[in-house]
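Q: Below you will find the structure I want to go over with you.
The values are calculated or read from the model by the stated rules, or taken from the named source; none is laboratory data. None of the values given here were measured: they were computed from a predicted structure. Positions of Cβ are backbone-derived with ideal geometry, glycine not excepted, and every protein chain shown enters the neighbour counts. For accessibility, only protein heavy atoms count, side chains too; no ligands or nucleic acids. Shrake-Rupley method; radii C 1.70, N 1.55, O 1.52, S 1.80 Å.
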Amino acid sequence: MTYIYALVLGVLFGVALNKAGLTKYHKIANQFRLTDFTVLKFMMTALVVTMLGVYPLRAMGLITFPAIPETYVVGNLVGGLIFGVGMAGAGFCPGTAVAGAGEGKLDYIVPGLLGFLVGGVIFGLTYQSFMPQLKAIGNFGSVVIPDLWHISPYLAIFVFALMALVLFYLIDRMGMHRKEKKG
Amino acid sequence: MNWLMTQIRKEEWSPYVAGALLGIVGILTVVVAHQLLGASGGFENLAAYIGKVISPNNVYFGFMMKPEITYPVILLVGIFFGGMLGSLSSGTFKFRTMDSEQWKSAYGKQTWKRWLLLFVGGIVVEFAAGIAGGCTSGLAISGGMLLAPAAFLFIGGMFASGIGTALLVYGKKY
């Protein structure tokens, strides 16, 4: 039964990525050129919606958090730094590449998906040689900001939502994005 | 009804609408399946099938990311068909080896070069996701929605180096 949920929710996830245009190279590359803010708008909207869903649902006792990604400061940051190079350079991330593969993009299906598999193999084979040490630096465990800083989750969500709205306003109304140079 | 069909057939939606859809999917994932969204984790399960052959006693593939058809693996299958459904709805589904004009102006028009760079990019991205503990969906969205500091550290790093990389790639055309 869980597999049916995975399939249905995966399809909706794929549709969202396709309709946001994130399966296209230029959408991702231009986010990092700061000429197109689709990625940021898409991610921050999704974050505000999910935050507004999961915290109240948990407070009502309807759900528990399945897992909380572990915070190990240096590893999270370094991982993000390396990730950004690949994402900006290639113009995809694992999710958008799989959705793009479904659109018939053979360059995503063959070298893209093979690359993820090889990357996964290399990571697994080298895991023991550096990850335990890396994860030990600045390790806060499976923690969330409200517990770490002793603040109300709703205050944290309010601040994040406000940040998102101000950013959206600056981007859409004030034209805070760079103009693309033709050349 | 006609209005709705027109909207569904559009090639691109507002990122706010598409993002809200992803948000709803993210909540439903917790509510109905008691899982988190993610894409890189599924690839690690699939990579484990290869890793186990290369190194049968490997701890990571033996105990942490086992060669199994897990929830994230099925989710990947779903994402694939979701991309297909989305492109079919707008009539943009098409088999192609390279379709980005902007890529050609940035890297050159050779297909082999794009395929090579996507292969290398795929390795870098998946390896980095392993280090960080997830990717754009599994860590940035799933961790961010729970307000895990890990997610925001990852997002900060990703944007910083992404902007730097775009500067390098585009140079004067940045």
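Q: Can you find, among A:Y3, A:N30, B:Q102, the residue farthest towards the positive end of the dipole of the protein assembly as shown? Put +1 on the C-beta of Lys and Arg, -1 on that of Asp and Glu.
A: Checking the options against the dipole of the protein assembly as shown, the answer is B:Q102.
Q: Could the peptides A:123-129, A:45-51 be put in order, highest first, of the mean number of other beta-carbon atoms found within 10 Å of their residues? Provide the component values of the computation, followed by the final result.
A: Values: A:123-129: 17.3, A:45-51: 25.1.
Ranking the peptides A:123-129, A:45-51 by packing returns A:45-51, A:123-129.
Q: Toward the positive end of the charge dipole of the range A:116-183, about the Cα centre and with charges on Cβ (Lys, Arg +1; Asp, Glu -1), which of A:H177, A:V121, A:N139 goes farthest?
A: Farthest towards the positive pole: A:H177.
Q: To the nearest 0.05, what FRET efficiency results for B:I69 and B:Y107 with a Förster distance of 45 Å applied to their C-beta separation?
A: Working: r = 36 Å, r/R0 = 0.80.
Here the calculated transfer efficiency is 0.80.
Q: How many times 2.2 N^0.38 Å is the alpha carbon radius of gyration of chain A? Working shown, then result.
A: Values: Rg = 18.8 Å, N = 183, 2.2 N^0.38 = 15.9 Å.
That works out to 1.18 for chain A.
Q: Separate question: Separation of the range B:27-104 and the range A:36-92 by C-alpha centroid, Å?
A: Computed from Cα coordinates, the inter-centre distance equals 17 Å.
Q: Moving on. How many times 2.2 N^0.38 Å is the alpha carbon radius of gyration of chain B? Can you show the working numbers first?
A: Details: Rg = 18.7 Å, N = 174, 2.2 N^0.38 = 15.6 Å.
In units of the 2.2 N^0.38 Å rule of thumb, it is 1.20.
Q: Another question, if that's okay. Need the full-extension length gain, A:D172 to A:S142, defined as separation in residues times 0.36 nm minus the C-alpha distance. One decimal, nm. Write down the numbers at each step before the final one.
A: Working: separation 30, 0.36 × 30 = 10.80 nm, distance 3.58 nm.
In short, 7.2 nm is gained.
Q: So for the protein assembly as shown, considering every pair of alpha-carbon atoms, how many percent are separated by more than 24 Å?
A: Cα-Cα pairs in the protein assembly as shown separated by more than 24 Å: 54 percent.
Q: Here's another thing I want to ask about it. Under unit Cβ charges (Lys, Arg +1; Asp, Glu -1), what dipole magnitude, rounded to 20 debye, does chain B have relative to its Cα centre? Intermediate values should be presented prior to the final figure.
A: Working: 12 positive and 7 negative charges, 118 e Å.
The calculation lands at about 560 debye.
Q: Using the Cα gyration tensor of the range A:34-109, with a ≥ b ≥ c the square roots of its eigenvalues, what is the shape: rounded (a/c below 1.5), prolate (a/b larger than b/c) or oblate (neither)?
A: Taking the square roots of the gyration eigenvalues as a ≥ b ≥ c, the range A:34-109 is prolate.
Q: Then there's this: Using a Förster distance of 22 Å, how high is the FRET efficiency between A:Q133 and B:N57, based on the Cβ-Cβ distance and rounded to 0.05? It would help to have the intermediate numbers written out before the result.
A: Numbers: r = 20 Å, r/R0 = 0.93.
That gives a FRET efficiency of 0.60.
Q: May I pose another question? Multiply the residue separation of A:A59 and A:I151 by 0.36 nm, subtract the distance between their alpha-carbon atoms, and state the gained length in nm to one decimal.
A: Values: separation 92, 0.36 × 92 = 33.12 nm, distance 1.49 nm.
31.6 nm is the gain from fully extending A:A59 to A:I151.
Q: Note down the relative contact order for the range A:28-100 as a percent, whole number, built from C-alpha pairs under 8 angstrom at least six residues apart.
A: Working: 21 pairs, mean separation 27.5, N = 73.
Dividing the mean separation by the residue count of the range A:28-100 yields 38 percent.
Q: Probe 1.4 Å, all protein chains in place: accessible area of B:E68 in Å², nearest 10?
A: For B:E68, the solvent-accessible surface is approximately 90 Å².
Q: Something else now. Picking from B:F159, B:L139, B:W115, whose Cα lies most toward the positive end of the charge dipole for the range B:90-163 (charges on Cβ: Lys, Arg +1; Asp, Glu -1)?
A: Projecting each Cα onto the dipole axis, the largest value belongs to B:W115.
Q: Further question on the same structure: What dipole magnitude, in Debye to the nearest 20, does the range B:1-83 give about its Cα centre under +1 on Lys/Arg Cβ and -1 on Asp/Glu Cβ?
A: Using Cβ point charges on Lys, Arg, Asp and Glu, the range B:1-83 gives about 80 debye.
Q: Calculated from DSSP H runs of 4 or more alone, at -39500 (n - 2.57) each and per residue, what is the 222 nm mean residue ellipticity of chain B, nearest 500?
A: Numbers: 8 runs with 117 residues, N = 174.
After summing the helix terms and dividing by the residues of chain B, the value is -22000 deg cm²/dmol.
Q: Remind me, relative contact order of chain B in percent, using alpha carbon pairs under 8 angstrom and six or more residues apart?
A: With pairs under 8 Å counted, the relative contact order is 23 percent.
Q: In the range A:54-93, which chymotrypsin sites (Phe, Trp or Tyr not before Pro) fall in coil by DSSP and have 14 or fewer other Cβ atoms within 10 Å? Show your work: numbers first, answer last.
A: Working: sites: A:Y72, A:F83, A:F92; in loops: A:F92.
Counting only loop positions with at most 14 other Cβ atoms within 10 Å, none of the chymotrypsin sites (Phe, Trp or Tyr not before Pro) in the range A:54-93 qualifies.
Q: For the range A:82-183, what value does the Rg/Rh ratio take when both radii are computed over Cα atoms and Rh is the Kirkwood radius, given to two decimals?
A: Result: Rg/Rh = 1.09.
Q: Still on this model: Just by accessible area at a 1.4 angstrom probe, what is the order of B:Y49, A:Y55 from largest to smallest? Please report the intermediate quantities before stating the final value.
A: On the way: B:Y49 105, A:Y55 5 Å².
From most exposed to least exposed: B:Y49, A:Y55.
Q: Give me P(r) over the range B:1-94, computed from all C-alpha to C-alpha distances, binned every 5 Å, as integer percentages.
A: 3, 12, 15, 17, 15, 13, 10, 7, 5, 2, 1, 0
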